[in-house]
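The structure appears right after this line, and notes come after that.
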Amino acid sequence: MLRGTDSRVLHIAGLPPGLFSIATYDELSLQLEPGDSLLFFTDGLSDARNIREQEFGVEGIQEVCRSHAGESPLDLLDHLFSAIQDFTTNCKQWDDMTAAYFHFAG
């Protein structure tokens, strides 16, 4: 969750929605304020590794979000995927990298 240049990690884990009809999910309620944004991403982004086997990490994702707060969702996602690509140069990744960014205008 991004509010201005402050970011907060909300841990939501579980099976992808729609994958199994019998899956159950925990609920999370948030009070969004105008200007707040939410980034949902698969672990392929945070688990992306560089040549030294270091992970990009949630911290790397937060850093990109804070650095580009206030930009359009598309621009922020472009910066995020570019940062991950730069971090993982010449390293094959084995997991999907999916993200959705939502901005609450009010």
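The single condition among (1) open to solvent by 80 Å² or more (accessible area, probe 1.4 Å); (2) polar (S, T, N, Q); (3) free of Cβ contacts under 8 Å to residues at least 60 places away in the same chain that residue 5 does not satisfy is (3). Within the stretch 19-37, the set of residues being open to solvent by less than 30 Å² (accessible area, probe 1.4 Å) and touching a His at 6+ places or on another chain (Cβ under 9 Å) comprises 36, 37.
The values are calculated or read from the model by the stated rules, or taken from the named source; none is laboratory data. No experiment lies behind these values; they were computed from the predicted model shown. Cβ atoms come from the backbone with ideal geometry, glycine included; neighbour counts cover every protein chain shown. With ligands, DNA and RNA removed, areas are computed over all heavy atoms of the protein, side chains included. Shrake-Rupley method; radii C 1.70, N 1.55, O 1.52, S 1.80 Å.
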